[in-house]
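These notes are about the structure you will find just below.
The values are calculated or read from the model by the stated rules, or taken from the named source; none is laboratory data. Not measured: the values here are computed from a predicted model. As a convention, Cβ positions derive from the backbone with ideal geometry for all residues, glycine included, and neighbour counts pool all protein chains shown. Note: accessible area is taken over every heavy atom of the protein model, side chains too, but ligands, DNA and RNA are not part of it. Shrake-Rupley method; radii C 1.70, N 1.55, O 1.52, S 1.80 Å.
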Amino acid sequence: LVIVDIMDERSSKLILVPILAVLFVMIGYQYICPAGSNSGVPSKFNFTERDLDRHVEFNIKGDDVIVFLHIQKTGGTTFGRHLVRNIRLEQPCDCKPGQKKCTCHRPGKEESWLFSRFSTGWSCGLHADWTELTNCVPVVMDKKEAQRNKRNFYYITMLRDPVSRYLSEWKHVQRGATWKTALHMCDGRSPTQDELPTCYSGDDWSGVTLKEFMNCQSNLANNRQVRMLADLSLVGCYNMSSMNESQRNHILLSSAMSNLKNMAFYGLTEFQRKTQYLFERTFSLRFISAFTQINSTRAANVDLSEAVRRRIEELNFLDVQLYEYAKDLFLQRFQYTRQREHQEVRLKRREERRWLREQRDQGRPWPSKHKGSGKGDGGVFEKETENDLPTTTEDYTSQVARW
């Protein structure tokens, strides 16, 4: 500590030293940790800039393929329809009335750029998971399309708040859904009846109560998102005796987090507009119509007691941790991408103003359409305002907060 006598004539100079030091540190911090590095969103996870920057050079005319991993009751059906019906393309998907699948070919080629339920169908099995898709997709694509060049596969998925997703699956099963034709392939085979016993006898589980649904220990609804995103071969697939439960859970969660982070893109059901925004910026594709946030769902209308809510969270404790991680990373990516886009807009306008000054200094006339036209080589030159910058509507108004 340096004690400064403010009555000293030199005190003003000495006081300036710590002030300048603080300013120097602040300026240095801006270069070391620029806006967007932590995205301004409080985070308990240490994400790098590489984790946040998910732009990919998707070449729809080349050998790139988007693979949609569709997890049950995450809004995947709606998002899947967006992929085949709502993207602005040079050659749009051909969706004929009455047909479940659309033809999504590359411009001028009879090759698919999209592997999903609504384009290629359930080619790797009903609601195939990460373990199935990564082993199956390349083989299926090679069989369908003879191609010498190696394809680039960009995996995408949707996630949902675990309590909401679990309740939605229960209501769906209650109405007669079973997904019993799912293959659950892992290490070359499907699980045996002993490895994956069914929760019901008969054709389906229609009319099942929430209590009955929660009491089935082999219910695949439990921690479904973690299981479908993890590499199941790391834990002996569906053989529960291959290791202790604690070790198995740790490996599954770590694998799911890693696979999710390294996917080209994922969205969250609770953030439809942000999901649209990030997809468009990741793949440099644009949707025709804006996504709609629907909050009045069957799951939202279920009246839960605090005890039941806690029980559902316990049954899905891995999914709860995954979703916390996914939501944090998702919001960090959104903020990072948006801030970077704002910076690019500002830099572009700064360059345009610099170019105009040079033209003026050289005595050249300004372009006739220099103010507010948005046309011509010069672009828009009017004074920048916040309204000019790209915006995305906040849409987190789901029922998750109520639970």
Applying 1/(1 + (r/R0)^6) with R0 = 60 Å to the Cβ-Cβ distance of LYS61 and ALA177, what FRET efficiency is obtained, to the nearest 0.05?
-> 0.95
So the carbon and sulfur contribution to the accessible area of segment 212-294, 1.4 Å probe, in percent, is 48 percent
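Tell me the chymotrypsin sites (Phe, Trp or Tyr not before Pro) within segment 55-105 that lie in a loop according to DSSP and have at most 13 other beta-carbon atoms within 10 Å. Spell out each step's value before the answer.
Numbers: sites: PHE58, PHE68, PHE79; in loops: PHE58.
Taking segment 55-105 and a limit of 13 other Cβ atoms within 10 Å, no loop chymotrypsin sites (Phe, Trp or Tyr not before Pro) are found.
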Which pairs, out of LYS274/LYS327; LYS61/LYS261; LYS61/LYS150; LYS101/LYS171, put more than 18 Å between their alpha-carbon atoms?
-> LYS61/LYS261; LYS101/LYS171
Karplus-derived HN-Hα couplings along segment 271-287 (A = 6.51, B = -1.76, C = 1.60, θ = phi - 60°), whole Hz, x at Gly and Pro = 10, 5, 5, 5, 4, 4, 4, 5, 4, 4, 6, 6, 9, 6, 10, 10, 7
If R0 is 60 Å, what FRET efficiency do you get for GLU306 and ASP361 from their C-beta distance, rounded to 0.05?
-> 0.30
Counting sequence-distant residues (5 or more places) and residues on other chains, those with an amide H built under 5 Å from that of ARG286 are ARG88
Using a Förster distance of 30 angstrom, determine the FRET efficiency expected from the C-beta separation of GLU212 and LEU126, and round it to 0.05.
-> 0.80
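What's the extension gain from GLU145 to SER254 if we count 0.36 nm per residue and subtract their Cα-Cα distance?
Details: separation 109, 0.36 × 109 = 39.24 nm, distance 3.47 nm.
Taking GLU145 through SER254 to full extension adds about 35.8 nm, to one decimal.
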At ARG50 and ASN152, where each label point lies 7 Å from the Cα along Cα→Cβ, what is the point-to-point distance in nanometres?
-> 1.7 nm
